[in-house]
Amino acid sequence: MQHTISNYIPEASVAKVLQLLDQDNLTVLVKKERKTRHGDYRKLPNGKHQITVNGSLNKYRFLITLIHEIAHLEAYKNFGKFIKPHGKEWKATFQHLMLPFLNPEVFPLQLLPMLAKHFKNPKASSDTDVHLAYALKQFDVNTNKTYIFEVPLNSIFKIYNGKVFKKGKKRRTRYECVEVATGRLYLFNANAEVTPIDN
């Protein structure tokens, strides 16, 4: 596991991460890209613990996701199984575990103010923090992406699963979009990746 994980995270974070992962009954699996989640944690029926993280994530998002999932394990161990998955116990644990990594040796300077703000009250997904999610995406290998906030109003676009939508007006932080095939209304985060379709 040591060799594998060190390939996916910033070099300056490796030693601290390996300390966190040095637990009995814990397996970390690097998965192929899943569009609906960056990672997950679960306690297996045999009593062991498993964390999965998408291998397609850039090293900064991978590190945040890995610590997010380790926080689930730590919160489970410290507070029991009846806590809310992303409740106050998990938030406090996530903040505590991330703090040693929030420095310029691990993260680029331009990310640190956004990370500091995000970790005052971490959300279930860093994707809900639009500014942080967009900033993190700038470090992806494939930067030739189009985001929904970039396409014009009433444009037609498709998403990763092939569904086609028409972009509508912006609410507070998300865009109203109508699925062309069904007429159903969906809300999209401003940094959702889309493929424009020429009308």
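Among residues belonging to region 139-176 that are among the hydroxyl-bearing types (Ser, Thr, Tyr) and in a loop (DSSP other than H, G, I, E, B), point out the one that is farthest from residue 59 (Cα to Cα). Applying the filter and picking the extreme gives 155. Those residues that are farther than 18 Å from residue 98 by Cα and hydrophobic (A, V, I, L, M, F, W, C), I need them from region 29-56; list them, please. Passing the criteria: 29, 30, 44.
Collect the residues in region 139-177 that are out of contact with any Lys or Arg (no Cβ under 9 Å at 6 or more places or on another chain), of a type in the set (D, E, K, R) and either loosely packed, with under 12 Cβ neighbours inside 10 Å or within 30 Å of residue 93 (Cβ to Cβ) (or both), keeping them in residue-number order. Result: 169, 171, 172, 174.
Looking at 60, 41, just one residue is over 21 Å from residue 130 (Cα atoms), hydroxyl-bearing (Ser, Thr, Tyr) and not assigned by TED's automatic domain parsing to the domain that holds residue 192, and that residue is 41.
Within region 40-51, the set of residues being on the phi < 0 side of the Ramachandran plot and either among the basic types (Lys, Arg) or assigned to a loop (DSSP other than H, G, I, E, B) (or both) comprises 42, 43, 44, 45, 46, 48.
Scanning region 43-89 for residues that are among the basic types (Lys, Arg) and more than 17 Å from the chain's Cα centre (by Cα) turns up 43, 48, 77, 81, 84, 88. The residue of region 16-55 that is surrounded by the most Cβ atoms within 10 Å (Cβ to Cβ), among those that are over 15 Å from residue 71 (Cα atoms) and among the hydrophobic types (A, V, I, L, M, F, W, C), is 30.
Among the residues here, residue 119 qualifies as modelled with pLDDT of 90 or more, within 30 Å of residue 88 (Cβ to Cβ) and either surrounded by fewer than 18 Cβ atoms within 10 Å (Cβ to Cβ) or within 14 Å of the chain's Cα centre (by Cα) (or both). Of all residues in region 134-149, at least one satisfies being touching a residue at least 60 places away in the same chain (Cβ under 8 Å), hydrophobic (A, V, I, L, M, F, W, C) and in contact with a helix residue (DSSP H, G or I) (Cβ under 9 Å, 6 or more places away or on another chain). Restricting the search to region 68-83, which residues are surrounded by 11 or more Cβ atoms within 10 Å (Cβ to Cβ) and either of a type outside the set (Lys, Arg) or modelled with pLDDT of 95 or more (or both)? 68, 69, 70, 71, 72, 73, 74, 75, 76, 78, 79, 83, listed by residue number. Among the residues of region 90-106, those identified as out of contact with any Leu (no Cβ under 6 Å at 6 or more places or on another chain) and either among the hydrophobic types (A, V, I, L, M, F, W, C) or crowded, with 19+ Cβ neighbours inside 10 Å (or both) are 90, 91, 92, 93, 94, 97, 98, 99, 101, 106. Checking each residue in region 125-138 for being buried (at least 16 other Cβ atoms within 10 Å of the Cβ) and in a loop (DSSP other than H, G, I, E, B) picks out only 129. If you go through region 1-39 and keep only what is within 20 Å of the chain's Cα centre (by Cα) and part of a loop (DSSP other than H, G, I, E, B), you end up with 7, 8, 9, 10, 32, 33, 34, 35, 36, 37, 38. For region 172-199, a tally of residues being at pLDDT below 90 and not β-branched (Val, Ile, Thr) returns 9.
The values are calculated or read from the model by the stated rules, or taken from the named source; none is laboratory data. Please read these numbers as outputs of a predicted model, since none were measured by experiment. All Cβ positions, even for glycine, are placed from backbone atoms using ideal geometry, and neighbour counts span all protein chains on display.
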